[in-house]
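Asks: Quick one: this structure, given as structure tokens, is what I'll be asking you about.
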Amino acid sequence: LYVATGTVCGAGAVKKFNGVTGRFLGNFISVPAGQPGYLARASDIVWHEGDCFVVSCDDSKVHRYDGKTGAFKGTVATGNPKGWITQIAVRDGAVFTTEFSEARVRRCPLADGEPAVSVEQAGFTPWGIVFDQGGRCWWSGSGGIARFDGKTNAVVVPSGEVTTPVALAVSPDGQLVCSSNGRQSVTAWDISEEVPKLLRTITGPEVRDPAGVAFTTHPFDAPAQFGNFVPQPSNTGRDWTPTGTTIYNLRA
């Protein structure tokens with residue numbers, strides 16, 4: 001599991017965790033300020049052709065790194081330094097960027113020579129972006145969720161239904177999933193018809209300021225209890241039955 005992190009106006013990094021246990025494995029990308037590939041608050045990660053593309057949000061850049069070593073390979077997109085590139089998608093030989101202050105999505109070709117093109121939506125302050133299985137581009141912002149099919153752009157989910165929709169993802173079965181930071185919820189939408197249909201809302205005390213959505217094909221293994229531990233009180237040798245097998249080494 002790779003996590004983009006960083007504070008506003010501060011250094012960013014990509015941190016690596018074991019995707020099953022959650023154990024921290026160290027910094028995958030952490031470039032000192034002033035060096036090529038420095039991340040001014042990392043806000044998004046995309047994998048493409050074995051490489052890791054990371055958004056440097058505060059200076060509006062997208063950097064490319066080696067997917068195995070984390071070594072910097074080059075800057076593939078640059079926006080308005082005051083515009084905040086927030087999230088990206090990579091498709092058909094180009095990086096698609098959402099640019100917060102510019103209220104637009106921009107297509108930046110990876111090959112030299114092609115000009116960048118953009119789609120604007122006044123007052124949208126976009127953040128999330130994803131492509132569905134049919135090749136349509138979905139992007140979110142303060143105005144809701146918009147759909148761009150390559151020719152026309154339309155807001156199809158109003159802001160009242162997905163307040164502050166920070167991130168978008170498409171599930172393995174083709175649903176559009178949105179983390180709605182302002183509503184403290186995650187919503188799933190059927191996008192098979194012209195007008196998206198709300199399928200479910202995930203909310204509760206454990207959903208706080210949701211800022212990202214991701215899926216895994218790895219089956220979920222619930223934490224396994226071993227011994228006869230009871231939460232309270234904890235009396236070593238009384239609440240546990242030693243078996244002679246070392247399962248965890250605990251150190252304080």
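The values are calculated or read from the model by the stated rules, or taken from the named source; none is laboratory data. Please read these numbers as outputs of a predicted model, since none were measured by experiment. FYI the Cβ positions are ideal-geometry reconstructions off the backbone, even for glycines, and counts take in every protein chain you see. For the accessible areas, the whole protein counts, side chains as well, though only heavy atoms, and no ligand, DNA or RNA atoms are used. Shrake-Rupley method; radii C 1.70, N 1.55, O 1.52, S 1.80 Å.
Asks: Assuming R0 = 30 Å, what is the FRET efficiency of ARG136 and THR7, from their Cβ-Cβ distance, to the nearest 0.05?
Replies: Details: r = 34 Å, r/R0 = 1.13.
E between ARG136 and THR7, to the nearest 0.05, is 0.30.
Asks: If r is the Cβ-Cβ distance from LEU25 to VAL195 and R0 is 41 Å, what FRET efficiency results, to the nearest 0.05? Intermediate results must be reported in sequence, preceding the final value.
Replies: Values: r = 43 Å, r/R0 = 1.06.
So, using R0 = 41 Å, E works out to roughly 0.40.
Asks: Mean separation of Cα pairs under 8 Å and 6+ residues apart, divided by the residue count of the stretch 96-190: what relative contact order is that in percent? List each step's numbers first, then the result.
Replies: Values: 224 pairs, mean separation 16.7, N = 95.
Over the stretch 96-190, the number comes to 18 percent.
Asks: So which trypsin sites (Lys or Arg not before Pro) in the stretch 1-75 pass both tests, a DSSP loop state and at most 12 other Cβ atoms within 10 Å of the Cβ?
Replies: Values: sites: LYS15, LYS16, ARG23, ARG41, LYS61, ARG64, LYS68, LYS73; in loops: ARG23, ARG41, LYS68.
Passing both the DSSP loop test and the Cβ count: ARG23, LYS68.
Asks: Among the trypsin sites (Lys or Arg not before Pro) within the stretch 87-174, which fall in a DSSP loop and have no more than 15 other Cβ atoms within 10 Å of their own Cβ? Provide the component values of the computation, followed by the final result.
Replies: Working: sites: ARG91, ARG104, ARG106, ARG107, ARG136, ARG147, LYS151; in loops: ARG136, LYS151.
Loop-located and lightly packed - ARG136, LYS151.
Asks: Could you work out how much longer the chain between ILE202 and ALA154 gets when fully extended? Use 0.36 nm per residue separation minus the Cα distance between them, nm to one decimal.
Replies: Numbers: separation 48, 0.36 × 48 = 17.28 nm, distance 2.56 nm.
My answer for the length gained is 14.7 nm.
Asks: For the chain, build the charge dipole from Cβ charges (+1 Lys, Arg; -1 Asp, Glu) around the Cα centre, then report which of LEU110, GLY12, SER56 sits farthest towards its positive end.
Replies: Comparing the listed Cα positions along the dipole, GLY12 ranks first.
Asks: While we're looking at this one, here's another question. Tally up the carbon and sulfur contribution to the accessible surface of the stretch 1-67 as a whole percent, 1.4 Å probe, everything protein left in place. Please list the in-between numbers first.
Replies: Details: 1660 of 3150 Å².
It is 53 percent, rounded to a whole number.
Asks: So how far apart, in nm, are the two label points at THR75 and GLN35 if each is 7 Å from Cα heading toward Cβ?
Replies: Output for this residue pair reads 1.7 nm.
Asks: On average, how much accessible surface per residue is there in the chain, in Å², for a 1.4 Å probe, leaving out ligands, DNA and RNA?
Replies: Values: 14380 Å² over 252 residues.
Roughly 57 Å² per residue, with all protein chains present.
Asks: Of the options ILE202, GLY141, THR217, report the single residue whose Cα projects farthest towards the positive end of the charge dipole of the stretch 134-220 (beta-carbon charges: Lys, Arg +1; Asp, Glu -1).
Replies: Farthest towards the positive pole: GLY141.
Asks: Once the other residues with Cβ under 12 Å from the Cβ of PRO196 are scored (Lys, Arg +1; Asp, Glu -1), what is the net sum?
Replies: Numbers: positive: ARG136, ARG147, LYS197; negative: ASP132, GLU161, ASP190, GLU193, GLU194.
Result for the neighbourhood of PRO196: -2.
Asks: In the set [x] 37, 25, 16; [y] 40, 22, 16; [z] 40, 27, 20, which value of semi-axes √(5λ) of the Cα gyration tensor in Å was calculated from the structure you see?
Replies: So the structure-derived entry is [x].
Asks: Moving to a separate point now. Beyond 31 Å between alpha-carbons counts as too far, so tell me which of LYS16/LYS61; LYS16/LYS151; LYS151/LYS197 fall in that bin. Kindly include the intermediate steps, with their values, before the conclusion.
Replies: Working: LYS16/LYS61 21 Å; LYS16/LYS151 39 Å; LYS151/LYS197 23 Å.
The pairs that break the limit, which is 31 Å between Cα atoms, are LYS16/LYS151.
Asks: So if I place +1 on the C-beta of Lys and Arg and -1 on the C-beta of Asp and Glu, and nothing else carries charge, what would the dipole magnitude of the chain be about its Cα centre? I want it in debye, nearest 20. The partial results should precede the final answer.
Replies: Details: 22 positive and 23 negative charges, 127 e Å.
With Lys and Arg at +1 and Asp and Glu at -1, about 620 debye.
Asks: Net charge within 10 Å of THR5 by Cβ-Cβ distance, Lys/Arg positive one each and Asp/Glu negative one each, not counting THR5 itself?
Replies: Details: positive: LYS15, ARG41; negative: none.
The answer is +2.
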